[in-house]
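S.K.: Sharing a structure, written as structure tokens. Questions coming.
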Amino acid sequence: MTDRADILQSELRARLPETLPPRLGVAVSGGGDSVALMYLLHAIAQREGVAMHVATVDHGLRAGSADEAARVAVQATHLGLSHETLLWQGWDGTGNLQDQARQARYALLTNWAHRNGIPAIALGHTADDQAETVLMRLGRAAGVTGLSGMPNSRERNSITLLRPMLGLTRQQLRDYLTEAGVDWVEDPSNHDQRFDRIKARDALLGLGTLGISAASLGRVAENLAQAREALARYTQETARKITVVDGGDICVDRAKFDDLPNEIQRRLLIGIIAWIAGPGYPPRGSAVEQAVAAVGDGKTLAMAGCLLTCQEDKAWFCRELNAVAHEFVRTHQTWDKRWVLSGPATEKTQVRALGEAGLRQVSEWRTMGKPRPALLSSPAVWEGETLLSAPLAGFSNGWSANFTPERPEFYTSLLSH
């Protein structure tokens, strides 16, 4: 091992979990960053007895992408690694291409990991990517969370995504590949000025005279990540004091909520919405501010698949009926990505929202002490138009409603936002 490779591997290993999983995935596009990741991580995996598997996402958006994926397959085979190309065919030519491609890439990779029993995937984001992310978010007037950049690791679709190269620059990686005699491809979109990331990349080159570099912006992101962690823990401690989890709903003490700093109010609401509606992009800042005001004013508000409704001194957050009104599954399947109902199922039983028709068949629903909208959107068991069970509305009839194992406990989930 050369001194250069030794230094890079040491930096990379320091950002990985102390104990690596027995099977580790790595996403390799064929570009210099991800190819370097594959070679560096391969050496680490060999030393630690980890089986490494490689996947390449071919978005199919430009000529040559299939050849690039094939080149990665050859490089992986040369290292003795398994390789699979994952083809995306989902773009219809409308909407935000980069965002859709990113979402599809993560979906393809995490599904691949599930199929192959791989609990974690390493991604090739570098210090330069982190710096560009911070610059773009600065342009959008982001707060602490946005300016803390990309985290070293995160969960997506129950797979851990690792970014062990956030402390390494593109130039360091390309110097390493050149010394090792390893080829890589250059994506022509890396020079396309239509993309904000490329504009940020070029802007960063002109900020050096101010002492602003990929390394300095990376340190800013790490500092703000520590601040984000402190705020998340304070939000969690606050939530334990002023909220109650009732089934899949959250009840908030309005007076105590009103006394909180605005930043904690915002973080708490974003966490509540994410826990109820599922992970995804958080609502826009203006929408969150509207929700904060609605809690204070005792108003009803629908946002991001959730419904806020107030009862005197309490604010209830529940699933919005419109978000689940048309969703149905067979019993024992997952409903609304969080509920599994178990009981005396038949071939004709299915799970769907309780709704108005179901609530009329539950005579004692008022004894639950919950707002009517929260019960309307709760899961129920049906046979045709006959209601068999509504466990969260006080009518179990031999059935139970439980969260899927992947759904985190509410207070724990606040540390991941």
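S.K.: Largest first, how would Phe317, Phe328, Phe395 line up by accessible area (1.4 Å probe)?
M.R.: Phe328, Phe395, Phe317
S.K.: Could you work out [θ]222 nm for the chain from helices alone, using -39500 (n - 2.57) per DSSP H run of at least four and dividing by all its residues? Round to the nearest 500 deg cm²/dmol. Numbers along the way, then the final one.
M.R.: Details: 16 runs with 181 residues, N = 417.
Counting only the DSSP helices, I get -13500 deg cm²/dmol.
S.K.: Give a residue-ordered list of calculated ³J(HN,Hα) values for region 127-132 (Karplus: 6.51 cos²θ - 1.76 cosθ + 1.60, θ = phi - 60°; whole Hz; x for Gly, Pro).
M.R.: Using θ = phi - 60°, the values come out as 4, 5, 4, 5, 4, 5 Hz.
S.K.: Follow-up question, since we're still on this one. In units of 2.2 N^0.38 Å, what is the alpha-carbon radius of gyration of region 368-417? Display every interim value, and only then the final one.
M.R.: Details: Rg = 13.8 Å, N = 50, 2.2 N^0.38 = 9.7 Å.
Relative to the rule-of-thumb radius for its length, region 368-417 sits at 1.42.
S.K.: While we're on this one: Is the C-alpha gyration tensor of region 310-417 telling us rounded, prolate or oblate? Criteria: a/c under 1.5 is rounded; beyond that, a/b larger than b/c is prolate, otherwise oblate.
M.R.: Verdict is oblate for region 310-417.
S.K.: For the pair Ser216 and Asp246, what calculated FRET efficiency results from E = 1/(1 + (r/R0)^6), where r is the Cβ-Cβ distance and R0 = 41 Å, to the nearest 0.05?
M.R.: It comes out at approximately 0.30.
S.K.: Tell me the label-point distance for the pair Asp6, Ala325, using the 7 Å Cα-to-Cβ offset, in nm and rounded to one decimal.
M.R.: Those two pseudo-labels are separated by 6.7 nm.
S.K.: How large are Rg and Dmax for region 67-150 when only the alpha carbon atoms are used, in Å?
M.R.: So, for region 67-150, Rg and Dmax equal 16.3, 46 Å respectively.
S.K.: A follow-up question, please. Once you place label points 7 Å from the Cα toward the Cβ at Leu205 and Asp99, how far apart are they in nm?
M.R.: 2.9
S.K.: Sorting check: for 206-214, 249-257, which peptide has the highest mean count of neighbouring beta carbons within 10 Å, and how do the rest follow?
M.R.: Per-residue Cβ counts within 10 Å, averaged per peptide and sorted highest first, yield 249-257, 206-214.
S.K.: Taking a quarter of the surface of the Cα convex hull of region 118-263, what do you get in nm²?
M.R.: That works out to 12.9 nm².
S.K.: Per residue, how much accessible area does region 197-258 show when a 1.4 Å probe rolls over the protein heavy atoms, in square angstrom?
M.R.: 54
S.K.: Also, quick follow-up: So how do Thr178, Thr235 rank on accessible area, 1.4 Å probe, biggest first, that is with the largest at the start?
M.R.: In descending accessible area the options line up as Thr178, Thr235.
S.K.: Another question, then. When the accessible area of region 71-156 is split by element with a 1.4 Å probe, what percent falls to carbon and sulfur?
M.R.: 51
S.K.: Give me the angle, in degrees from 0 to 90, between the Cα long axis of helix 65-78 and the longest principal axis of the Cα atoms of the chain, rounded to the nearest 10.
M.R.: Computed tilt is about 70 degrees.
S.K.: While we're looking at this one, here's another question. State the antiparallel share, in %, of DSSP beta bridges confined to the chain, rounding to the nearest 5. Write down the numbers at each step before the final one.
M.R.: On the way: 39 of 57 bridges.
The answer is about 70 percent antiparallel.
S.K.: On the protein heavy atoms, probe 1.4 angstrom, tell me the percent of accessible surface of region 1-45 carried by carbon and sulfur. All intermediate terms of the calculation are to be shown ahead of the outcome.
M.R.: Numbers: 900 of 1770 Å².
On region 1-45, the fraction of accessible area on carbon and sulfur atoms equals 51 percent.
S.K.: When the scattering of the chain is computed by the Debye formula from its Cα atoms alone, each counted once and equally, what is log10 I(q)/I(0) at q = 0.08, 0.11 Å⁻¹?
M.R.: Here log10 of I(q) over I(0) equals -0.55, -0.95.
S.K.: Sticking with this one: Explain nothing, just the number: relative contact order of the chain, from Cα pairs under 8 Å at least 6 residues apart, as a whole percent. Don't skip to the answer; put the middle values down first.
M.R.: Details: 657 pairs, mean separation 48.3, N = 417.
The normalised contact order for the chain reaches 12 percent.
S.K.: Over region 50-183, with the other protein chains present, what is the accessible area per residue in square angstrom, probe 1.4 angstrom?
M.R.: On the way: 6090 Å² over 134 residues.
The answer is 45 Å² per residue.
S.K.: Right, here's the next one. Between Gln311 and Glu409, take the C-beta separation as r, use R0 = 22 Å, and let me know the FRET efficiency to the nearest 0.05.
M.R.: 0.35
S.K.: If I model region 211-343 as equal point scatterers sitting on the Cα atoms and use the Debye formula, what is log10 I(q)/I(0) at q = 0.14, 0.18, 0.22 Å⁻¹?
M.R.: So the normalised log intensities work out to -0.71, -1.01, -1.31.
S.K.: For region 236-289, go through all pairs of different Cα atoms, get the mean of 1/r, take its inverse, and jot down that Kirkwood value in Å.
M.R.: About 11.7 Å, per the Kirkwood formula over Cα pairs.
S.K.: While we're on this one: With an 8 Å Cα cut-off and a minimum separation of 6 or more residues, compute the relative contact order for region 304-417 in percent.
M.R.: Across region 304-417, relative contact order equals 24 percent.
S.K.: Obtain the nm distance between the two label points defined at Gln290 and Ala180 by a simple spin-label model: each point lies 7 Å from its Cα along the Cα-to-C-beta direction.
M.R.: 5.0
S.K.: Next question. Just reorder Lys337, Lys299, Lys370 by solvent-accessible area, largest first, 1.4 Å probe, all chains present.
M.R.: So the residues, ranked largest to smallest area, are Lys337, Lys299, Lys370.
S.K.: Probe radius 1.4 Å, ligands and nucleic acids ignored: give me the carbon and sulfur share of the accessible area of region 227-319 as a rounded percent.
M.R.: 50
S.K.: Also, quick follow-up: Sequence gap of 8 or more, or different chains, plus Cα separation below 15 Å: how many lysine pairs satisfy both in the chain?
M.R.: Close lysine pairs found across the chain: 5.
S.K.: A further question follows. Can you order the peptides 350-357, 55-62 by their average number of other Cβ atoms within 10 Å per residue, highest first?
M.R.: So the peptides 350-357, 55-62, ranked by packing, come out 350-357, 55-62.
S.K.: Which whole-number percentage describes the relative contact order of region 80-183, with Cα contacts under 8 Å and a sequence gap of 6 or more? Walk me through the intermediate numbers first.
M.R.: Numbers: 91 pairs, mean separation 28.9, N = 104.
Relative contact order of region 80-183: 28 percent.
The values are calculated or read from the model by the stated rules, or taken from the named source; none is laboratory data. Worth saying up front: this structure is predicted, and the values here are computed from it rather than measured. Glycine gets a Cβ as well: all are built from the backbone with ideal geometry, and neighbour counts include every protein chain shown. Ligands, DNA and RNA are stripped out before the accessible areas are found, and what is left, the full protein with its side chains, is counted by its heavy atoms. Shrake-Rupley method; radii C 1.70, N 1.55, O 1.52, S 1.80 Å.
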